[in-house]
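The values are calculated or read from the model by the stated rules, or taken from the named source; none is laboratory data. Just so it is clear, the structure is predicted and the values come from calculations on it, not from any experiment. Positions of Cβ are backbone-derived with ideal geometry, glycine not excepted, and every protein chain shown enters the neighbour counts.
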Ligand SMILES: Cc1cc2nc3c(=O)[nH]c(=O)nc-3n(C[C@H](O)[C@H](O)[C@H](O)COP(=O)(O)O)c2cc1C
């Protein structure tokens, strides 16, 4: 399947719309007793325990997500920094026992649909202080790295990314993969959207943690998929790489590709995906070889000029809690009160999150547009709004109380009805697909999800709550039209005050 045949992305996207997508079965039911084990085990791998002691950053969450210049040139993370970045993006931050049939759930640093934790993290690195060169799997349960290959395999990353300039000078790369069946067991074929939603929230944390410790980073969406799967020893029918995060900066010259033997195997997964549309969409958006990766990276997206991440001065006025404290406190709000948040809080959440994502594509800041429904924002009339990224202003679309609308659009959930504001991240998908082919689908989803992941953090840093939500696709577009005509919803986030326990 060709990346340029963008009918596949539309077929997948339309087919996985709520409520009547033709790739979804409305009668399908998930029972919590079927919850898959949320991590892999490599019984025969050497393990290195990670340690979080040592340097502690006091950088605020708002600063960490909104800073544009956080790169120290010549920066090579040591095992301590790698530990921080992995823990504060993928680590277990709290555990709750819900009793049968759900049982105990180990919650992670970043939010994840259904707490199913289908995104895995791997580290590929040269020799770092405290850690030998190798390919490792991050096991969240023990906060441990499991060795899959020893020796320097960064040459494989260079090959797979067609010598992308930043990555080829990086001493370490995190690879995030999606285990399809671990999430599709509940969400069917819509899972492939979740692959980006849930890696996006992880990446928002990983990028913020890197920024807090002045580790330069770059997101890589363009890579030779099969080469990366081979390096990690993963079975492409069950698991696919969705993003790479290159970390640090050195002056290394060209890196050789060592002979590659077998990787220790994890026991087979409990479930294999019953939804072929996921693997089909992953395959149709795959890149095959360095030549295709290099030319894909040159894709050009015409974007309306706006200030996010470019020349506009940052209008962030709040500092909020330190990043690490924010991540430890974060947890999706389960019940919102009807209390108001302030317009200042809302503005800070929005503006701090749209600073653009350093990545392998030439993008002018965040590519999605944000539409809002304000239910209870002090200093802002209730109604629907378009957030203008050029000047950070909210343009009113319709005034009036719209709790019923936000509640309905968020799949008729109370969270969407009760929250102070709901944010809809919308993209002109056709436009993105024309620039980047089916791979553009991954880019559009990821761009919105990282931005939303930052908003999650900004909200918690300012002592308000947030939760991701799912939505009725076409009804959102219709509601915000004609302004949002042709735009598709990529992510929905509700923010507001948590209901206090009585
Ligand atoms: C993209 C996304 C969509 C979500 N959708 C819903 C939803 O529709 N309803 C809901 O109650 N929770 C939703 N959640 C919240 C998850 O259930 C929650 O993240 C998960 O249980 C893990 O808990 P934590 O975020 O507190 O760590 C969503 C989370 C994300 C990231």
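If you go through the range 64-73 one residue at a time, do you hit one that is over 25 Å from the mean Cα position of the chain (by Cα), away from the ligand (no atom under 16 Å from the Cβ) and in contact (Cβ under 8 Å) with a residue 12 or more places away in the chain? Yes, that holds for at least one residue. So for the range 448-466 (the condition being outside any helix (DSSP H, G or I), within 22 Å of the chain's Cα centre (by Cα) and within 13 Å of the ligand (Cβ to nearest atom)), does at least one residue qualify? Yes - at least one qualifying residue is present in the range 448-466. From the list 182, 190, the lone residue that is within 16 Å of the ligand (Cβ to nearest atom) and under 19 Å from residue 234 (Cα atoms) is 182.
Give just the number: which of (1) in a strand (DSSP E or B); (2) buried (at least 24 other Cβ atoms within 10 Å of the Cβ); (3) within 14 Å of the ligand (Cβ to nearest atom) does residue 137 not satisfy? Looking at each condition in turn, residue 137 falls short on (3).
Evaluation of residue 222 against the conditions (1) out of contact with any strand residue (DSSP E or B) (no Cβ under 9 Å at 6 or more places or on another chain); (2) part of a loop (DSSP other than H, G, I, E, B); (3) under 26 Å from residue 369 (Cα atoms) shows that the sole unmet condition is (1).
For every residue, the table says whether it meets (1) surrounded by fewer than 16 Cβ atoms within 10 Å (Cβ to Cβ); (2) at pLDDT 95 or above; (3) outside the structural domain of residue 165 (by TED's automatic domain parsing); (4) within 30 Å of residue 151 (Cβ to Cβ).
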position	(1), (2), (3), (4)
39	no, yes, no, yes
73	yes, no, no, yes
76	no, no, no, yes
88	no, yes, no, yes
101	yes, no, no, no
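Taking the condition crowded, with 24+ Cβ neighbours inside 10 Å and more than 19 Å from the chain's Cα centre (by Cα), does residue 174 pass? Taking the combined requirement at face value, the residue does not satisfy it. Screening the range 411-425 for residues that are within 12 Å of the ligand (Cβ to nearest atom) and in a loop (DSSP other than H, G, I, E, B) and picking the one that is nearest to residue 379 (Cα to Cα) gives 419.
A quick yes/no check of all residues on (1) in a loop (DSSP other than H, G, I, E, B); (2) modelled with pLDDT of 95 or more; (3) in the same structural domain as residue 203 (by TED's automatic domain parsing); (4) closer than 26 Å to residue 77 by Cα:
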position	(1), (2), (3), (4)
227	no, yes, yes, yes
235	yes, no, yes, no
244	no, yes, yes, yes
255	yes, no, yes, yes
261	yes, no, yes, no
269	yes, no, yes, no
282	no, yes, yes, no
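Total residues in the range 357-403 satisfying the condition of being within 19 Å of residue 491 (Cα to Cα), surrounded by fewer than 18 Cβ atoms within 10 Å (Cβ to Cβ) and out of contact with any strand residue (DSSP E or B) (no Cβ under 6 Å at 6 or more places or on another chain): the figure is 1. Candidates 487, 497: the one that is away from the ligand (no atom under 14 Å from the Cβ) and over 30 Å from residue 321 (Cα atoms) is 487. Counting the residues of the range 79-107 that are in contact (Cβ under 8 Å) with a residue 40 or more places away in the chain and within 24 Å of the chain's Cα centre (by Cα) gives 18.
Of everything in the range 101-131, what is in a strand (DSSP E or B) and within 12 Å of the ligand (Cβ to nearest atom)? Give them in sequence order. Full working, then the answer.
Looking only at the range 101-131, we keep the residues that are in a strand (DSSP E or B), and these are 104-108, 119-125, 128, 131.
Correct list: 105, 106, 107, 108, 119.
Only one of (1) in contact with a helix residue (DSSP H, G or I) (Cβ under 7 Å, 6 or more places away or on another chain); (2) over 18 Å from residue 122 (Cβ atoms) fails for residue 166. Which number is that? So the condition that residue 166 fails would be (1).
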